[in-house]
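What follows is a short report on a single structure.
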Amino acid sequence: MSPAAHKISDTEDLITESFGESVLRHLIYSVGKDKAHAVARDWCVALSLATRDQMVESWIDTTRRVYKNKQKRVYYLSMEFMIGRMLEDSLTNLGLMKEARAFFDTQGLNFADILHSEHDAALGNGGLGRLAACFMDSMSTTGVAGMGYGIRYQHGIFRQDIEDGWQMEEPEDWLIAGNTWEFRRPEVVYDIDFGGQVETDADGKSTWVPSERIHAVAFDMPIAGWEGRHVNTLRLWSARQAEIMNLKEFNEGDFMAAARQQILAESISKVLYPGDHTPEGRELRLKQEVFFTSASLQDLLRRFLMNYDDLAKLGDHVAVQLNDTHPAIAVPELIRILMDIHNYEFAAALEIARATLHYTNHTLLPEALEKWPVELFAEILPRHLQIINMIDGAFYQEALAKGLEHHVIAGIQAIHPHQHDWVRMGNLAFIGSRKVNGVSALHTELMKETVFHDLHTMFPDKIVNQTNGVTPRRWLLECNPGLSGLISEKIGTGWIDDLEQLSKLTPMATDKTFQKKYMAVKSENKARLAAFLEERTGVKVNPDAMFDIQIKRIHEYKRQLMNILETIALYNEIKDQPEADIQPRVKIFAGKAAPSYFLAKLIIKLINDVAEVVNNDAAVGDKLKVIFLPNYNVSAAEILIPGADLSEQISTAGFEASGTGNMKFALNGALTIGTLDGANVEMAEHVGDENIFIFGMKAPEVAERQHARRRPSEVIKNSPRLQRIIQQLESGMFSGGDRARFHDILDNIKHHDYFQVVPDFEAYWDMQRHVDEVYQNTAKWAEMAILNTARMGWFSSDRTIRGYAKDIWNAPTSDYG
């Protein structure tokens, strides 16, 4: 598609307009400003709209081509789409970056300031949402007829502020100035029902009579793939009240009563993951999941029936991917629609669901495998509860026929038939799906052995693996222009949509000239990161120090706690040996803790308290700095990752499903210190054991310790380092004399330690000292870093999507016509 001209296909008229002229037109007619009075945000909006214009024709052409070819459609349902900023991504994929930069040069404006005035879309929080965003990019790049479905959150999860070291949550305001990428679709509205009761007539037909109804309204965003050849849609749902405001109550002065229904309805799309520690919060979270899942199913069925008339063949033409258990309600909801609206018998409806739905599991943590109280389902979703019981009844007969014993079947049904307390969404998703996939080889095997062992026994061909990947467009080409430019100079640009071409760099790993250029890029990225950290936190760091980074959601199993305890041990070492030649480090942490997750928030406080002591100790100086970067998001990651020397991937073995941050860091030349967990296992296989720093227990060893309930005190008594750290925390050394502040962390370390920080600590310390030694050998470090970049090609999300298309969806790729 030419950036200089575009065609309005309906009229076949050509409108010749330079890209710069398009920007100026939008500045005047869409933003309502002239050049003399426009600020950076105004220019950003105008540029975004001009870029969006360039996408629209390919978007329409893609839709027409998919309809014409009757291409199988893939629908990706996810609670999160952590897409970050869209402008740079879209300019890059459309090939408009150089022209845009040149235009703003002629205007005497700083192009970077224009790009960075765009807000991150507050549509996600962690790896789940970032994976979904990478998949949207790769589905468009590989030509999959894909469509993402999610929620248009008004305030995201929260904006994280740090006050006196504590995490404080404030609402995100990303939509306050509007979203230039979206198209509101007021004609696309669906009823979403809750509550009421199920009535059964004399013929035994059930009818749901709900007591509450809201509307789901569609907002569409075009997602362009590489070179703009294929543009898919991300459709986000916004909630609104189904009935117009009660004008009688309003005119009588009862304004709150008049607005009550509007407030309740719109709360569904206000915030990502509202706190579920109260009954009201749990109800809202369940309603959110039903809201976007039901709207999405109604929408895709409407589209299917525009082309086909036999819903029994839905699975031949449609694949629905459930990204974790949040949309698992799709199983009974699809069956309900088929039975109650389209008059299918239950057995046929279940068969259709099982041919259409697919489920991605992202965790082995029991608390993350969602379950909902049966009483809540009875109150909010009485018809769905009835259908789930029917699914369980059919499943029971199926399992009996396969020889499973009654007590085994009870343990894997959606609702335990004797306890009848919880609806177990992981089991429901598994029972109702055609395929279930893990997201790394280790995780997939552990699924078979642990949480889904009995279900796997019953359905041995259902579980498959699709190891995660990341899009190289955002996570190398855009975020690291220095390195991507160097790579393209050496091997051409084919790697951008065929990442395994990076293997051509392998012979250059020992080339001194290439090493020098590669490390010069790293130094520039570190200088940029140092400036960013000083601007955001006020802490000045030495760019020549090792940048040691752990950025991810704050959770005990991710073990930020072990990292900060090792930081304290390193601080002690520096204080004990002030003349020693100790490798300078900057320890960088970032990530959000769930608002109700007290221990995770206490770990953030500990990191900040340690930083306060270390960073103000003149005797330590630049040998060690500790930084917690507030409000971590995609845009911050795009600066942090290229500037990293060391990537912390230190989760408890057996608990991280895959990870994608590990892939992004290694792709950008950071070396990994980590456990054999998640995709670290496959990364070690690809980059070579000699080019990654692996330590600690393996998953079976962790499981054995947990099963045997080994006491951490047995390890602590043999570790003077840990004893000293514990004593320092107990004394209030890092808490201004407050001896009780970190009591809960200490109690966990000494008596519980489910995530095995204590038994892995000394191995972690020893490996960190080995990292110091290797880092001081600059040629060796450069060689290892280059080999990491060269050997990460397999971890492209393009490869992952092709795997899904072949092994799960049975859908074609690269059908550009």
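The values are calculated or read from the model by the stated rules, or taken from the named source; none is laboratory data. Please read all numbers here as calculations on a predicted model, not as lab measurements. Heads up, the Cβs are rebuilt from the backbone with ideal geometry, glycines too, and the neighbour counts pull from every protein chain shown. Only protein heavy atoms, including side chains, enter the accessible area calculation; ligands, DNA and RNA are left aside. Shrake-Rupley method; radii C 1.70, N 1.55, O 1.52, S 1.80 Å.
Report whether or not residue 708 is of a type outside the set (Asp, Glu) and either open to solvent by 80 Å² or more (accessible area, probe 1.4 Å) or more than 30 Å from residue 791 (Cα to Cα) (or both).
Numbers: of a type outside the set (Asp, Glu): yes; either open to solvent by 80 Å² or more (accessible area, probe 1.4 Å) or more than 30 Å from residue 791 (Cα to Cα) (or both): yes.
So residue 708 fits the description; yes.
Would you be able to say whether some residue in segment 780-796 is part of a loop (DSSP other than H, G, I, E, B), among the basic types (Lys, Arg) and within 28 Å of residue 598 (Cβ to Cβ)?
No, that holds for no residue.
Within segment 713-735, can one find any residue that is closer than 26 Å to residue 446 by Cα and either assigned to a helix (DSSP H, G or I) or touching a residue at least 60 places away in the same chain (Cβ under 8 Å) (or both)?
Within segment 713-735, not a single residue is closer than 26 Å to residue 446 by Cα and either assigned to a helix (DSSP H, G or I) or touching a residue at least 60 places away in the same chain (Cβ under 8 Å) (or both).
Give me the residue from segment 553-580 that is open to solvent by 40 Å² or more (accessible area, probe 1.4 Å) and not charged (D, E, K, R) and, out of that set, modelled with the highest pLDDT.
Of everything passing the filter in segment 553-580, 577 is modelled with the highest pLDDT.
In this structure, does residue 634 turn out to be under 22 Å from residue 789 (Cβ atoms), surrounded by fewer than 24 Cβ atoms within 10 Å (Cβ to Cβ) and not hydroxyl-bearing (Ser, Thr, Tyr)? Reasoning before the result, please.
Working: under 22 Å from residue 789 (Cβ atoms): yes; surrounded by fewer than 24 Cβ atoms within 10 Å (Cβ to Cβ): yes; not hydroxyl-bearing (Ser, Thr, Tyr): yes.
Considered against the rule, which asks whether it is under 22 Å from residue 789 (Cβ atoms), surrounded by fewer than 24 Cβ atoms within 10 Å (Cβ to Cβ) and not hydroxyl-bearing (Ser, Thr, Tyr), residue 634 comes out as yes.
Quick one: count up the residues across segment 436-481 that are of a type outside the set (A, V, I, L, M, F, W, C) and either in contact (Cβ under 8 Å) with a residue 60 or more places away in the chain or assigned to a loop (DSSP other than H, G, I, E, B) (or both).
Total meeting the criteria: 18.
Tally the residues that are in a helix (DSSP H, G or I) and touching a residue at least 24 places away in the same chain (Cβ under 8 Å), restricting the search to segment 369-395.
Final tally of qualifying residues: 18.
Is it fair to say residue 529 is at pLDDT 95 or above, part of a helix (DSSP H, G or I), aliphatic (A, V, I, L, M) and farther than 26 Å from residue 142 by Cβ?
yes
Looking at residue 542, is it touching a Pro at 6+ places or on another chain (Cβ under 7 Å) and surrounded by fewer than 17 Cβ atoms within 10 Å (Cβ to Cβ)?
yes
Is it the case that residue 278 is under 20 Å from the mean Cα position of the chain (by Cα) and hydroxyl-bearing (Ser, Thr, Tyr)?
Against the criterion (under 20 Å from the mean Cα position of the chain (by Cα) and hydroxyl-bearing (Ser, Thr, Tyr)), residue 278 does not qualify.
Under 7 Å between Cβ atoms, at least 6 apart or on separate chains: pull out the pairs that start in segment 654-682 with a residue that is farther than 16 Å from residue 446 by Cα and among the hydrophobic types (A, V, I, L, M, F, W, C) and end on any residue that is open to solvent by 10 Å² or more (accessible area, probe 1.4 Å) and part of a helix (DSSP H, G or I).
As it stands, the answer is 673/767, since those pairs meet every condition given.
The conditions are (1) surrounded by fewer than 20 Cβ atoms within 10 Å (Cβ to Cβ); (2) at negative phi; (3) more than 24 Å from the chain's Cα centre (by Cα), and residue 492 fails exactly one of them. Which is it?
(2)
Pick from segment 413-435 the residues that are in a loop (DSSP other than H, G, I, E, B) and among the polar types (S, T, N, Q): which of them is most open to solvent (accessible area, probe 1.4 Å)?
Checking each candidate, the answer is 419.
Given the condition exposed (fewer than 15 other Cβ atoms within 10 Å of the Cβ) and assigned to a helix (DSSP H, G or I), answer yes or no: does some residue in segment 259-267 qualify?
The answer is yes, given that some residue of segment 259-267 is exposed (fewer than 15 other Cβ atoms within 10 Å of the Cβ) and assigned to a helix (DSSP H, G or I).
Return only the number of the condition from (1) among the basic types (Lys, Arg); (2) under 29 Å from residue 675 (Cα atoms); (3) open to solvent by 60 Å² or more (accessible area, probe 1.4 Å) that residue 526 does not satisfy.
Among (1) among the basic types (Lys, Arg); (2) under 29 Å from residue 675 (Cα atoms); (3) open to solvent by 60 Å² or more (accessible area, probe 1.4 Å), residue 526 violates only (3).
Consider residue 83 carefully, then state whether it is within 18 Å of the chain's Cα centre (by Cα) and closer than 22 Å to residue 551 by Cβ.
Values: within 18 Å of the chain's Cα centre (by Cα): yes; closer than 22 Å to residue 551 by Cβ: yes.
Yes.
When the residues of segment 610-623 are narrowed to those that are open to solvent by less than 30 Å² (accessible area, probe 1.4 Å), of a type in the set (Val, Ile, Thr) and assigned to a helix (DSSP H, G or I), which ends up farthest from residue 530 (Cα to Cα)?
Applying the filter and picking the extreme gives 610.
Please go through segment 19-78 and give me each residue that is among the aromatic types (Phe, Trp, Tyr), open to solvent by less than 50 Å² (accessible area, probe 1.4 Å) and more than 28 Å from residue 138 (Cβ to Cβ), ordered by number.
Within segment 19-78, 43 is the sole residue that qualifies.
Applying the selection to segment 49-89, what residues are touching a Phe, Trp or Tyr at 6+ places or on another chain (Cβ under 8 Å) and either in a helix (DSSP H, G or I) or of a type in the set (Ser, Thr, Tyr) (or both)?
Result: 50, 52, 54, 65, 75, 76, 78.
Look at residue 36 and say whether it is part of a helix (DSSP H, G or I) and small (Gly, Ala, Ser). Give the steps one after another, and end with the answer.
Values: part of a helix (DSSP H, G or I): no; small (Gly, Ala, Ser): yes.
Answer is no for this residue.
Confirm whether residue 503 is without any contact (Cβ under 8 Å) to a residue 24 or more places away in the chain, closer than 30 Å to residue 813 by Cα, open to solvent by 10 Å² or more (accessible area, probe 1.4 Å) and in a helix (DSSP H, G or I).
In short, no.
Residue by residue, here is whether (1) open to solvent by 10 Å² or more (accessible area, probe 1.4 Å); (2) under 22 Å from the mean Cα position of the chain (by Cα) holds:
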| position | (1), (2) |
| --- | --- |
| 763 | yes, no |
| 770 | yes, no |
| 788 | no, no |
| 791 | yes, no |
| 797 | no, yes |
| 802 | yes, yes |
| 808 | no, yes |
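What's the number of the only condition in (1) among the aromatic types (Phe, Trp, Tyr); (2) touching a helix residue (DSSP H, G or I) at 6+ places or on another chain (Cβ under 6 Å); (3) at pLDDT 95 or above that residue 292 fails to meet?
The number of the failed condition is (2).
Condition first: of a type in the set (D, E, K, R) and open to solvent by less than 10 Å² (accessible area, probe 1.4 Å). Now tell me which residues in segment 459-473 satisfy that.
Selection gives 473 alone.
The conditions are (1) touching a residue at least 24 places away in the same chain (Cβ under 8 Å); (2) among the charged types (D, E, K, R); (3) within 16 Å of residue 610 (Cα to Cα); (4) assigned to a helix (DSSP H, G or I), and residue 741 fails exactly one of them. Which is it?
Residue 741 satisfies every listed condition except (4).
Give the residue, chosen from 456, 443, that is under 23 Å from the mean Cα position of the chain (by Cα) and crowded, with 18+ Cβ neighbours inside 10 Å.
None of the others qualify; the one that does is 443.
Considering (1) within 19 Å of residue 588 (Cβ to Cβ); (2) surrounded by 20 or more Cβ atoms within 10 Å (Cβ to Cβ); (3) among the acidic types (Asp, Glu), say which one residue 677 fails and leave the rest.
It fails just one condition, (1).
Six or more apart or on different chains, Cβ under 8 Å: which pairs go from a residue in segment 696-708 that's closer than 16 Å to residue 680 by Cα and in contact (Cβ under 8 Å) with a residue 60 or more places away in the chain to one that's assigned to a helix (DSSP H, G or I) and acidic (Asp, Glu)? Could you list them?
Cβ pairs passing all conditions: 696/760; 697/760.
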